[in-house]
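In what follows, a single structure is set out as structure tokens and then discussed.
The values are calculated or read from the model by the stated rules, or taken from the named source; none is laboratory data. This one's a predicted model, so the numbers in the text were calculated from it and none came from an experiment. Cβ atoms come from the backbone with ideal geometry, glycine included; neighbour counts cover every protein chain shown.
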């Protein structure tokens with residue numbers, strides 16, 4: 001099946017929403033210029049394929065934050081130094097824009113953005129609820145944050161869009177490594193085996209917290225998705241919980257927070273449809289134009305992409 005577009009009035013509304021979601025603090029990037037400027041990853045990469053899907057990105061992003069909040073020092077840094085509690089939508093837009101820039105923007109733009117993030121992180125320090133000193137630029141914590149992000153996005157696509165298998169997952173982890181190193185995460189996992197080893201090494205540090213429950217309540221209610229997408233948001237949050245390893249989900253007290261058997265096909269249908277929905281104002285399509293490809297190139301079947 002090929003690309004899909006919505007009826008014109010609805011398509012315009014969704015395109016406007018996509019533009020709004022991709023701006024933060026008045027900062028907006030034209031991913032279509034300059035012509036031919038390469039990104040950190042190539043158009044035929046797994047990264048370009050995965051990050052074009054807004055449904056699996058939302059699910060994967062929430063799962064990544066759940067894994068981050070389970071680690072006490074990361075939890076303190078996120079909760080004490082970000083606006084998740086007071087302005088979750090702006091925070092989500094900043095995070096979403098950063099992810100899009102790292103994958104689709106010219107690499108000079110991505111490098112400059114990451115440098116700015118690193119400067120801000122260098123000022124973030126504090127003490128966790130257990131009396132542990134932390135710094136946001138601690139390499140150990142940076143490795144965990146980058147690992148959870150890669151895992152969340154990859155597993156969300158694999159679970160809800162289409163199965164990838166370990167070889168394609170390995171490719172996606174490897175493609176994330178250049179951006180991870182720019183962030184200072186020098187030992188972030190580069191394949192599935194390394195992710196499993198990272199998770200096993202971190203397991204003893206992961207714990208339940210009321211902050212995790214508070215985060216889930218905030219993210220269910222925040223108007224993060226446009227229009228009708230907000231009606232589906234609680235389902236997508238449940239889908240994110242379902243990505244957690246069962247034993248960890250139980251430890252965090254989230255056994256009942258996932259999807260019911262009847263809800264899973266609905267999420268899968270939405271995610272599969274989103275994988276074919278062309279948003280010409282969104283970074284994936286704009287980046288394709290920059291590289292001399294049709295705006296709908298990423299949304300075509302593989303055989304059609306190779307013929308373009």
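Cβ-Cβ below 8 Å, separation at least six or inter-chain, first residue in segment 274-293 and touching a residue at least 24 places away in the same chain (Cβ under 8 Å) and on the phi > 0 side of the Ramachandran plot, second surrounded by fewer than 21 Cβ atoms within 10 Å (Cβ to Cβ) and assigned to a loop (DSSP other than H, G, I, E, B): which pairs?
Listed by first residue and then by second, the contacts come to 292/35; 292/36.
Scanning segment 276-293 for residues that are assigned to a loop (DSSP other than H, G, I, E, B) and at pLDDT 95 or above, which turns out farthest from residue 34 (Cα to Cα)?
Selected residue: 293.
Looking only at segment 249-269, count every residue that is in contact with a helix residue (DSSP H, G or I) (Cβ under 7 Å, 6 or more places away or on another chain) and either farther than 18 Å from residue 162 by Cα or surrounded by fewer than 21 Cβ atoms within 10 Å (Cβ to Cβ) (or both) and tell me the total.
Start the filter on segment 249-269 by keeping residues that are in contact with a helix residue (DSSP H, G or I) (Cβ under 7 Å, 6 or more places away or on another chain), which leaves 249, 252, 254-255, 257-259, 263, 266-268.
Cutting the leftovers down to either farther than 18 Å from residue 162 by Cα or surrounded by fewer than 21 Cβ atoms within 10 Å (Cβ to Cβ) (or both) gives us 249, 252, 254-255, 257-259, 263, 266, 268.
Of the residues in segment 249-269, 10 are in contact with a helix residue (DSSP H, G or I) (Cβ under 7 Å, 6 or more places away or on another chain) and either farther than 18 Å from residue 162 by Cα or surrounded by fewer than 21 Cβ atoms within 10 Å (Cβ to Cβ) (or both).
Just give me the residues in segment 94-129 being touching a strand residue (DSSP E or B) at 6+ places or on another chain (Cβ under 7 Å), within 21 Å of residue 153 (Cβ to Cβ) and surrounded by fewer than 19 Cβ atoms within 10 Å (Cβ to Cβ), in sequence order.
Residue satisfying the conditions is 94 alone.
Please name all residue pairs, on different chains or six or more residues apart, with Cβ atoms under 9 Å, provided the first residue is in segment 40-55 and is without any contact (Cβ under 8 Å) to a residue 40 or more places away in the chain and at negative phi and the second residue is part of a loop (DSSP other than H, G, I, E, B) and surrounded by fewer than 22 Cβ atoms within 10 Å (Cβ to Cβ).
The qualifying pairs are 42/291.
If I ask for residues that are under 17 Å from residue 157 (Cβ atoms), part of a loop (DSSP other than H, G, I, E, B) and touching a helix residue (DSSP H, G or I) at 6+ places or on another chain (Cβ under 6 Å), which ones from segment 36-81 would you list?
41, 45, 51, 52, 53
Based on this model, can you work out whether residue 243 counts as modelled with pLDDT of 95 or more, under 23 Å from residue 80 (Cβ atoms) and buried (at least 18 other Cβ atoms within 10 Å of the Cβ)?
Numbers: modelled with pLDDT of 95 or more: yes; under 23 Å from residue 80 (Cβ atoms): no; buried (at least 18 other Cβ atoms within 10 Å of the Cβ): yes.
Spelling it out, it is not the case that residue 243 is modelled with pLDDT of 95 or more, under 23 Å from residue 80 (Cβ atoms) and buried (at least 18 other Cβ atoms within 10 Å of the Cβ).
Can you list the helices (runs of 4 or more DSSP H) lying wholly within segment 103-211 that have 1 or more residues being under 21 Å from residue 242 (Cα atoms) and under 19 Å from the mean Cα position of the chain (by Cα)? Working first, answer last.
Values: elements: 107-121, 139-160, 165-183, 192-202.
Counting at least 1 such residues, we get 139-160, 165-183, 192-202.
For segment 270-287, which positions are surrounded by 15 or more Cβ atoms within 10 Å (Cβ to Cβ) and in contact with a strand residue (DSSP E or B) (Cβ under 8 Å, 6 or more places away or on another chain)? Walk me through it before giving the result.
Filtering segment 270-287 for residues surrounded by 15 or more Cβ atoms within 10 Å (Cβ to Cβ) gives 270-272, 274-287.
Scanning segment 270-287 gives 276, 277, 278.
Residue 117 fails exactly one of the following numbered conditions: (1) under 26 Å from residue 236 (Cβ atoms); (2) at pLDDT 95 or above. What is the number of that condition?
The failed condition is (2).
What do you reckon, is residue 6 in contact with a strand residue (DSSP E or B) (Cβ under 8 Å, 6 or more places away or on another chain) and surrounded by fewer than 15 Cβ atoms within 10 Å (Cβ to Cβ)?
On the way: in contact with a strand residue (DSSP E or B) (Cβ under 8 Å, 6 or more places away or on another chain): yes; surrounded by fewer than 15 Cβ atoms within 10 Å (Cβ to Cβ): yes.
For residue 6, the condition - in contact with a strand residue (DSSP E or B) (Cβ under 8 Å, 6 or more places away or on another chain) and surrounded by fewer than 15 Cβ atoms within 10 Å (Cβ to Cβ) - is met.
In segment 212-234, which residues are in a helix (DSSP H, G or I) and farther than 25 Å from residue 128 by Cα?
Those that are in a helix (DSSP H, G or I) and farther than 25 Å from residue 128 by Cα: 220, 221, 229, 230, 231, 232, 233, 234.
Considering only segment 92-108, I want to know if a residue exists there that is in contact with a helix residue (DSSP H, G or I) (Cβ under 6 Å, 6 or more places away or on another chain), without any contact (Cβ under 8 Å) to a residue 24 or more places away in the chain and closer than 22 Å to residue 139 by Cα.
no
Looking at 168, 141, can you tell me which residue is touching a helix residue (DSSP H, G or I) at 6+ places or on another chain (Cβ under 8 Å) and within 23 Å of residue 41 (Cα to Cα)?
None of the other options fit; the residue is 168.
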